[in-house]
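No value in this document is a laboratory result; all are computed from the given coordinates. Note that the structure is a prediction, hence the values are computed from the model and not measured. Cβ coordinates were reconstructed from backbone atoms using ideal geometry, including for glycine residues, and neighbour counts include every protein chain displayed.
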């Protein structure tokens, strides 16, 4: 039985963790979910490390929604750096699912983007855990989580 | 008995450590407080590491007040990176509570912001130590420490 | 028998992994190829670490195609930092082969650049694994993978 | 007998190490000084690590004077990041005393700033080694090494 | 017998490794040189780590020539960060000798700058390995490798 961690924040303005859990349960079995909510994105790396090392998670989906200001971008950078370090210390994947508040001016569109991106990365998590060959068939295809795919370059 | 570390600086222009200690004591029992003051924010990471490894703290609140200049922003970035590294090395949370001097032009407002943010993160510390499920109920709710909450996206 | 890892992404818009495998097989023998495809470039570092430590790869070629926006540049920076860390943790080379979408406005040119850069770095991989002295003869020669060489400075 | 390390550079345009040693000797006893001079600020982190691990220093004062160009700022950032990492690896304080060449247009003022900052951080070093409670009494007081103190926020 | 590593790139447009080896041999004895050429500057950190850990080098001179574009500056930053990390992991010095292509518009001047900087850092290497006290006498003197020295501040 695999364990999938869901790490998210009280800062985010959409419950991406809930969307991802719904998508995971609709598309696969053979796993258990552990959820860990922290205040902000800079609290995510250590939460992931604790889930890997103390709760034996096999893969983590990490959700955050950085604000639009320069300081928010810097926080996102620091969080991302820590998320990559955590993966290297544990040899396990963390799929970072960040939606930046300035990706849309419209609240409804932003919520739909967050929901879709969370769900599409939940599918990526299933591939990484249970079916890595599926990802090889999509190498270089210009996929985009949350948006229409860019597709491969037209030659 | 849990141990909560308070790390702060002589550079900051408001005694956020004091505010946090007051808030912690007003809202919970079952913990002891250790305080460690350093000159500037770049001295915070190693102070936290020492409190974790030599004093067995379980969680740390780290307070800083970066100045308004580009070099100050860079120092804050370096300190934040070190704070995240420290958490990963120790598998324990450090709640970074930074108030940037340029968050307000008004000294009184800045002091009130620092006081409120310190207190609201003290409450987060209590949740992380004693009641993590409380944070899950607030996932994706758009909470903001020190300001009015942004709230969840309206759909 | 050496093992060469190929790590690439579903985000990229050209199948550089395929081009590199073709080039490797056309120019050398005595190695086996392991391929690992991940969603985006920030997933590359841990995939490399897993290939080094759990699959005993001797060298990895890592392919990515960052988008044109500032956030894409930041992701590339974070991925690169993680790729360097991974090499230091494993004492083995990862040749990072990134093609930035804004290196050309023309899709066909971008695809040709990606193909050529992938192939020229495949040759670098062969030199690093089997013939390091060949690289010493080219030190300071202004070589450029994917473009015409800049050449040594004219004195 | 405590050991205080003094790490400085041939790049700097003022002998801050000398000023700090003078200040240390004027204000405390019970320590020995080890000096290690390197070419530039990016050589400082490993010099500190060597002083901690091979010479058993208890605390280090690290002096640098970054130039005014963007590349100099980047070097300072890289050095600072390494200095923080070194502290985390050794659980000991390094007080980073950097004076940026563009902090003053006037050479005399810059020299005086460097001298004063070096001396004021020497006092911080004494507090950290021998009297940490003294720093707690100054928490949140808006102290500034090398300049007039900003003081606490007026409410 | 000390071992000095020379790490350089095929990307650079001047053979600084050759210049440094010539300078080292003209000014000292009692060492052996190991050379390791890689494609680009981001390949330098792991090459240094391998020379330290698998070839027992005592000190490394690392030569690179970053291009003039923002992406080149970012690569240089990533390489520098990795070079500092490598030193901290091995407790040995790497003298980073980077010449940025935009340090001069004139190819001949750029080549002379590269040659001179390589040679002056070769002398620094000799001091660090064989005569550290010589560097202490130059602390705070405003030395500049490759250019005229800035000198100490005039008071």
Connecting C-alpha atoms closer than 10 Å in a GNM of chain C, tell me which of C:49, C:141, C:109 has the biggest fluctuation. C:141
Order of E:129, C:143 from fewest to most other C-beta atoms within 10 Å? E:129, C:143
Copy-to-copy spacing for residue D:32, label 7 Å out on the Cα-to-C-beta vector, in nm, shortest first? 3.5, 3.5, 5.6, 5.6
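Using DSSP, restrict attention to beta bridges with both residues in region D:2-136 and report what percent are antiparallel, rounded to the nearest 5. Intermediate values should be presented prior to the final figure.
Numbers: 0 of 17 bridges.
Roughly 0 percent of the beta bridges in region D:2-136 run antiparallel, per DSSP.
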Label point 7 Å beyond Cα along the C-beta direction, distances from residue B:116 to other copies (nm, shortest first): 3.6, 3.6, 5.8, 5.8
Please rank E:22, B:133, fewest neighbouring Cβ atoms within 10 Å first, as an exposure proxy. B:133, E:22
Report, in cubic angstrom per residue, the convex hull volume of the C-alpha atoms of region E:66-145. 104 Å³
Rg to Rh ratio, the protein assembly as shown, alpha-carbon atoms and Kirkwood radius? 0.96
Between chain D and chain C, with a rotation axis joining them, whose C-beta in D is nearest that axis, and what is the whole-Å distance? D:81, 6
For a footprinting-style exposure proxy, rank A:31, E:11 by other Cβ within 10 Å, fewest first. A:31, E:11
Would chain D count as rounded, prolate or oblate if I go by the C-alpha gyration tensor, calling it rounded below 1.5 in a/c and otherwise prolate when a/b exceeds b/c, oblate otherwise? rounded
Within chain D, helix-based [θ] at 222 nm, where runs of 4 or more DSSP H residues each add -39,500 (n - 2.57), nearest 500: -15500 deg cm²/dmol
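Over region B:96-153, what relative contact order in percent results from Cα pairs under 8 Å that are six or more residues apart?
Numbers: 38 pairs, mean separation 16.8, N = 58.
RCO, region B:96-153: 29 percent.
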Once the label point is set 7 Å along the Cα-to-beta-carbon vector, what list of distances in nm do you get between residue D:68 and its counterparts in the other copies? 2.3, 2.3, 3.7, 3.7
When chain D is modelled as a GNM with alpha-carbon springs shorter than 10 Å, which of D:67, D:17, D:142 fluctuates the most? D:142
Region E:2-136: relative contact order from alpha carbon pairs under 8 Å, six or more residues apart, as a whole percent, is 31 percent
Can you give me the relative contact order of region E:57-147 as a percent, contacts being Cα pairs under 8 Å and 6 or more apart? 32 percent
How many Cβ atoms of partner chains, on average, are near each residue of C:39-52 if near means within 10 Å of its Cβ? 5
